[in-house]
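Worksheet: the structure to be examined is printed underneath.
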Amino acid sequence: MTAVTLTKTTMSDVKADALLIGVAQGANGPVLAPGAADIDKAFKKKLLAALATLGATGKAEETVKIATLGATTSPQLMAVGLGPAPAKGGQYDTETLRRAAGAAMRALAGTNRVATSLAQVNGGRPEDVLAVTEGAALGGYVFTKYRSTTPKSVAAVVIAVDSPRDKAVKAAHQRGVAVAEAVALARDLVNTAPADLGPAELAQAAVDACREAGCDVEVLDEKALKRGGYGGILGVGQGSARPPRLAKITYSAGRGAKATVHLVGKGITFDSGGLALKPAQSMEWMKSDMGGAAAVIAAMRAIATLKPDVNVVGWTACAENMPSGTAIRPSDVLTMRGGKTVEVLNPDAEGRLVMADAIVTAGESKPDYILDIATLTGAQLVALGSRVFAVMANDDDLRGALIDASASAGEQAWPMPLPAELRKSLDSDVADIANVGDRNGGMLTAGLFLKEFVPDGVRWAHLDIAGPAFNQGEPHGYTPKGGTGSAVRTLVEWVTQLAG
């Protein structure tokens with residue numbers, strides 16, 4: 001991952017292979033964003049004219065590169081667009097800075113060291129330092145595990161600030177690094193080939209990543225799952241030669257804890273659809289069906305690093321959904337953890353089965369909150385597209401707080417309802433509940449199914465990240481093609497806010 005540090009050195013004097021500044025759209029053409037004054041002076045006040053000649057308009061994420069010809073100690077300069085310049089007294093949005101930094105890192109791939117003034121466009125606020133740190137680190141992300149030659153990326157970024165030792169600025173930078181490292185971890189897990197990341201390997205990833213950060217991690221194997229009555233996880237996993245796992249990750253804040261939170265992640269390491277076999281094209285990206293578990297593992301690592309005053313327990317329900325002579329069949333009935341029975345009408349609606357078991361287990365200790373995160377339904381993509389995840393909850397305040405946290409973190413989320421009238425479609429003739437209901441509103445019926453396993457009195461929210469967890473399109477901003485690390489930043493932000 002791209003290394004990001006702070007410096008007090010002025011941009012015109014800093015030692016770097018490239019300089020990065022912001023350009024915005026003004027009323028009469030492009031304008032230099034604050035933070036570029038010393039460079040403009042080095043260019044004898046002709047920098048903007050030179051950039052405009054090369055086509056710079058200030059449009060968001062647009063990049064224009066120019067040789068400095070000895071005007072600065074760096075040989076080249078890049079201007080990245082920030083979109084419309086704010087009105088007098090206004091400020092640039094932090095997500096604008098995050099995306100601009102990410103877009104620039106992609107455009108500067110192969111550059112060894114970049115210096116940027118983007119954190120100064122609003123006067124050097126800590127939140128801008130956080131945004132630029134995250135954007136630069138995540139924009140420089142590349143997945144190298146299977147490459148015979150390493151893809152080009154920016155090796156290091158230095159962010160120019162007035163007071164790098166200021167307590168708030170330093171804390172913002174450190175948080176940005178911790179969160180970016182966590183998102184990169186989630187991306188790596190999602191991008192790993194399913195042959196190399198089965199249920200046992202995903203559970204081991206939780207051990208490796210979170211024990212190192214100070215968490216306690218316990219893994220239940222198939223024998224322990226059978227003793228514990230985890231019929232959903234075992235049922236989904238029985239069609240695969242690789243048995244399922246359930247990992248429990250515990251971060252303890254000690255006596256000062258403001259609340260106890262349980263995070264539950266869906267860890268289907270590959271989803272073929274089981275006996276309800278998916279079409280080949282729909283299977284191509286199903287290595288990402290463990291994106292919820294990856295988000296929980298990554299968020300737990302970041303939380304343990306940042307140490308908020310909240311007790312947090314993460315659960316990753318890991319299984320592989322495969323067709324075989326031992327796979328669950330339509331009409332099979334599973335007895336879940338806690339005793340509730342589920343009629344399996346569709347073996348391709350398997351994620352909710354493993355999640356239900358984990359939610360029941362999470363609820364047994366009566367935490368203040370349970371949040372589940374899952375690449376759960378194709379209906380989420382139909383409703384909200386590939387960049388916005390859905391938030392459903394049994395508590396309006398919790399749902400609103402998560403939407404606010406996602407906005408603060410720079411992720412896109414949207415509140416969705418849990419209509420009571422859809423619950424009837426989940427009725428079964430032979431069991432307590434069926435695993436699928438009305439096709440119309442499928443994302444909502446999936447949420448209603450999970451709600452059935454939440455204990456009374458526990459505030460619960462469901463995040464459906466099916467589309468945002470894996471980018472099948474072109475890279476944009478700081479988001480690469482492939483695994484994105486969706487919801488990691490929202491989870492960390494919400495827990496941090498909960499800690500006050």
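Straightening the chain between residue 427 and residue 69 buys 121.6 nm, computed as 0.36 nm per residue apart minus the Cα-Cα spacing.
Here the Kirkwood formula, the inverse mean of 1/r across different C-alpha pairs, assigns segment 3-165 a hydrodynamic radius of 15.5 Å. Within the same chain, lysines fewer than 8 places from residue 248 are excluded, and of the rest, those with a Cα less than 25 Å from its Cα are 223, 226, 258, 266, 287, 307, 340, 366, 451. With the simple model of a label 7 Å out from the Cα in the direction of the Cβ, residue 27 to residue 346 spans 5.5 nm. Relative contact order of the chain, taken over Cα pairs closer than 8 Å and 6 or more residues apart, is 15 percent. For residue 220, neighbours were defined as the other residues whose beta-carbon sits under 10 Å from its Cβ, and their charges (Lys and Arg +1, Asp and Glu -1) total +2. Coupling constants for segment 362-367 follow from the phi torsions by the Karplus curve (6.51 cos²θ - 1.76 cosθ + 1.60, θ = phi - 60°), and in residue order they are 4, x, 5, 8, 6, x Hz; glycine and proline get x. Sorted ascending by nearby beta carbons within 10 Å, beginning with the fewest, 215, 318 become 215, 318. So for segment 3-165, averaging the separation of alpha carbon pairs under 8 Å that are six or more residues apart and normalising by length, what relative contact order in percent results? Taking the mean separation of contacting Cα pairs over the length of segment 3-165, I get 31 percent.
Just want the answer: with Cβ charges of +1 for Lys and Arg and -1 for Asp and Glu, which residue in 148, 256, 371 is farthest toward the dipole's positive end in the chain? It is 148, whose Cα lies furthest towards the positive end. Peptides 77-84, 28-35, ordered by how many other C-beta atoms sit within 10 Å of their residues on average, highest first, read 77-84, 28-35. Would you calculate a helix-derived [θ] at 222 nm for the chain, using -39,500 (n - 2.57) for each DSSP H run of n ≥ 4 and dividing by the full residue count, to the nearest 500? Computed mean residue ellipticity for the chain: -10000 deg cm²/dmol.
By the count of other C-beta atoms within 10 Å, a proxy for reagent exposure, 262, 173 are ordered fewest to most as 173, 262.
Cysteines in the chain lacking any other cysteine Cβ under 4.7 Å from their own Cβ: 318. For the chain, the share of DSSP beta bridges that are antiparallel, to the nearest 5, is 40%. Just so you know, the Cα atoms of segment 183-499 work out to an Rg and Dmax of 17.5, 52 Å. For a paramagnetic label modelled at 7 Å from the Cα of residue 10 toward its Cβ, which residues of segment 61-75 fall within the zone defined by backbone nitrogen distances under 11 Å? Answer for this model: none. Centre-to-centre separation between the Cα atoms of segment 323-354 and those of segment 372-419: 26 Å. Shown for 99, 423, 337, 211: other C-beta atoms within 10 Å of each C-beta, ranked fewest to most, produce the order 211, 423, 337, 99.
No lab work stands behind these numbers, since they all come straight from the coordinates. Just so you know, these numbers come straight off a predicted model, no measurement behind them. For neighbour counting, all protein chains shown are included, and Cβ atoms are generated from backbone atoms with ideal geometry for every residue, glycine included.
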